[in-house]
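A.B. asks: One structure, as structure tokens, below. Some questions next.
The values are calculated or read from the model by the stated rules, or taken from the named source; none is laboratory data. Note that the structure is predicted; figures quoted are calculated from it, not measured. Virtual Cβ from ideal backbone geometry, glycine too; neighbours counted across all protein chains shown. SASA here: full protein model, heavy atoms, side chains in, ligands and nucleic acids out. Shrake-Rupley method; radii C 1.70, N 1.55, O 1.52, S 1.80 Å.
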Amino acid sequence: MYGHAIVDELRRRVAEAGGAPVDSAWSRQASAVRNQAVVDRVHAVPAPLAAALPRGGLAGGTVVGLRGDGATSLLFALLSATPGSWSALVALPDLGLLAAAELGVDLDRVVLVPEPGPELLQVISILVDGVDVVVAAVAPGVRPAPGRLRVLGGRLRQRGAVLLTMGAWPEADLVLTSSWRGFTGLGDGHGRLLDRELLVEVSGRGVGRPRQAVLSLRASRDAVRVVAGDPAGARPAMDRPVVAAVG
């Protein structure tokens, strides 16, 4: 009942917000012109990453896996790349929203469903009707049924939305694997962390050989900007982890 209650509440809120009507005819109500626009939709990404992606951004209707020790920072950078868009975070109760805000994510346009219950795919499917990007995680050891994944894939394509997945998720169209290259701004045990270099490797359909991009997360007192990183590499990271809002 818990999962069904969440599904019913999401349907009601999507309808109230001006999304698609809540009935079985959702998939038949888009016009031919809108369908073409959805097919061609590409979601913007930070400029340093655009050159490494097949279409210069995240193609609508695709599933993109985020992997690696910099996946959370990469996620926030992606969500902040298109001001005015809506996103949803599903089954991710421990994400640091302060770090998201510092990286430019508009929290007023983020839907939070920290505990979706057993109906994860149905929750995602409903959210696709009202938001541009859905971010979700699957618990370790859980593998969604292939048939339900195909249905969800069709819904993503119909709406032109993107599903970003954290952790293990089958059949991603693209995989962005991120790793920290190093930092600048710290001396030998003192100083202020200024920049962190994030290496992102892009693999998957339409990519061919894996491509790479370097993002620099440049910190000021109250914000973090994403700029092009130095291809030559930043200072090597210390053996001991650095704790920062952009981690």
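A.B. asks: Which condition number in (1) in contact with a Gly (Cβ under 8 Å, 6 or more places away or on another chain); (2) buried (at least 19 other Cβ atoms within 10 Å of the Cβ); (3) not in a strand (DSSP E or B) is the one that Arg155 fails?
C.D. replies: In the conditions (1) in contact with a Gly (Cβ under 8 Å, 6 or more places away or on another chain); (2) buried (at least 19 other Cβ atoms within 10 Å of the Cβ); (3) not in a strand (DSSP E or B), Arg155 misses (1) alone.
A.B. asks: Based on what the data block shows, is Ser27 open to solvent by 20 Å² or more (accessible area, probe 1.4 Å), of a type outside the set (Lys, Arg) and modelled with pLDDT under 90? Steps first, please.
C.D. replies: Details: open to solvent by 20 Å² or more (accessible area, probe 1.4 Å): yes; of a type outside the set (Lys, Arg): yes; modelled with pLDDT under 90: yes.
Yes: the conditions hold for Ser27.
A.B. asks: Take the conditions at pLDDT below 85 and either open to solvent by 70 Å² or more (accessible area, probe 1.4 Å) or β-branched (Val, Ile, Thr) (or both) and apply them to Asp222. Does it pass?
C.D. replies: yes
A.B. asks: Just need a number here: residues in the range 66-94 that are over 20 Å from Ala228 (Cβ atoms), surrounded by fewer than 18 Cβ atoms within 10 Å (Cβ to Cβ), free of Cβ contacts under 8 Å to residues at least 60 places away in the same chain and not polar (S, T, N, Q).
C.D. replies: 3
A.B. asks: Just for the range 187-215: of the residues that are on the phi > 0 side of the Ramachandran plot and part of a strand (DSSP E or B), which one is modelled with the lowest pLDDT?
C.D. replies: At the first step, the residues of the range 187-215 found to be on the phi > 0 side of the Ramachandran plot are 189, 191, 204, 206, 208.
From what's left, part of a strand (DSSP E or B): 191, 204.
Values: Gly191: 46, Gly204: 91.
Restricting to residues being on the phi > 0 side of the Ramachandran plot and part of a strand (DSSP E or B), the top hit is Gly191.
A.B. asks: Could you list all residues from the range 135-145 that are open to solvent by 70 Å² or more (accessible area, probe 1.4 Å) and in contact (Cβ under 8 Å) with a residue 12 or more places away in the chain? Steps first, please.
C.D. replies: Just the residues of the range 135-145 that are open to solvent by 70 Å² or more (accessible area, probe 1.4 Å), to begin with: 140-143.
Scanning the range 135-145 gives Pro140, Arg143.
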